[in-house]
C-alpha cells in the first residue's frame with residue numbers, strides 16, 4: 001500500500017520551505033510566459049529571457065504581441081529553441097488577445113473550456129496548459145511532469161504512465177484547494193531536483209522507508 005497523498009504532502013512541506021504558490025513571477029503574465037519558455041530548458045535560462053523582456057519594458061501582453069518576431073527571438077534566446085518558442089509565444093498571445101489581454105475576463109471562464117482552448121494552441125501541450133491554468137489563471141488543474149511520474153513510481157504508486165491518468169489520480173485524492181495544488185507540484189519538483197534525481201541520493205532521503213526502488 002502506498003503512502004497517503006496528504007501525509008506525503010505534509011512530509012514534503014516539513015522538509016522544504018517554499019513560498020506560497022511556489023512558481024516564481026512578479027505577475028500573472030510573467031508566470032504565463034515562464035510556463036511556456038521553460039519547455040526543454042532549465043529555469044535559469046528562462047529567468048534570463050524574462051529579464052531581457054523586463055529590461056526592455058515589454059512585460060506586457062499587448063506590447064509583446066505587437067513586437068516583431070525577430071526582436072522577440074532575440075529577447076528569449078537564452079531559453080533555447082528560441083525561433084520555435086517565439087512563434088509559440090506569439091500563438092499564445094494571439095489567443096490571449098481574444099480576451100483583450102485581460103486576466104479578469106479569463107477568471108470568469110470555465111476551467112475545462114479554457115484548457116481545451118489552450119490545448120488547441122500550437123506549442124501548448126498538457127503540462128504547459130495546466131501550468132498556465134494553475135499558476136497564472138488560478139484554476140484547479142494539477143500539473144504532471146516527468147519528476148512526478150519518476151518519484152511516484154519509485155514510491156510504489158501503480159499509476160498508468162499516462163498524463164491524464166496521473167492528473168486524475170491527484171485531483172481525486174487531494175483537497176480542492178488552490179494553494180495545495182500549487183505547492184504540491186512545487187514540492188515534488190524540489191524533492192526531485194535535490195534528492196529523487198535520475199540517479200537518486202537515497203541515503204539522504206527522508207522518504208526512503210516508503211520507497212520501493214531497488215537500491
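Bear in mind these aren't lab numbers, they're just calculated from the coordinates by the rules spelled out. Predicted model only: the values in this text are computed from it and were never measured. Note that each Cβ is placed from the backbone with ideal geometry, even for glycine, and that neighbours are counted across all protein chains shown.
What the table below lists for this structure:
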{"item": "Semi-axis lengths, Å, segment 28-136, gyration tensor of Cα atoms, sqrt of 5 times eigenvalues", "result": "21, 15, 12"}
{"item": "Segment 81-155-segment 41-59 distance, computed between alpha-carbon centres (Å)", "result": "19"}
{"item": "Length-normalised contact order of the chain in % [C-alpha pairs under 8 Å, at least 6 apart]", "result": "25"}
{"item": "Diffusion constant of the chain at 20 °C, which comes from Stokes-Einstein with the Kirkwood Cα-pair radius and 1.002 mPa s, µm²/s", "result": "117"}
{"item": "Estimated 222 nm signal from helices in the chain, with DSSP H stretches of n ≥ 4 weighted -39500 (n - 2.57), rounded to 500", "result": "-16500 deg cm²/dmol"}
{"item": "Calculated log₁₀ intensity ratio I(q)/I(0) where the Debye formula runs over C-alpha points of segment 46-109, q = 0.15, 0.16, 0.26, 0.28 Å⁻¹", "result": "-0.46, -0.52, -1.11, -1.20"}
{"item": "Extension gain from residue 97 to residue 119, taking 0.36 nm per residue of separation minus the Cα-Cα distance", "result": "6.3 nm"}
{"item": "GNM top mover of 34, 94, 186 - the chain, alpha-carbon springs below 10 Å", "result": "94"}
{"item": "For segment 1-128: relative contact order, % (alpha-carbon pairs under 8 angstrom, 6 or more apart)", "result": "22"}
{"item": "Residue order, fewest to most surrounding Cβ atoms within 10 angstrom, among 72, 5", "result": "5, 72"}
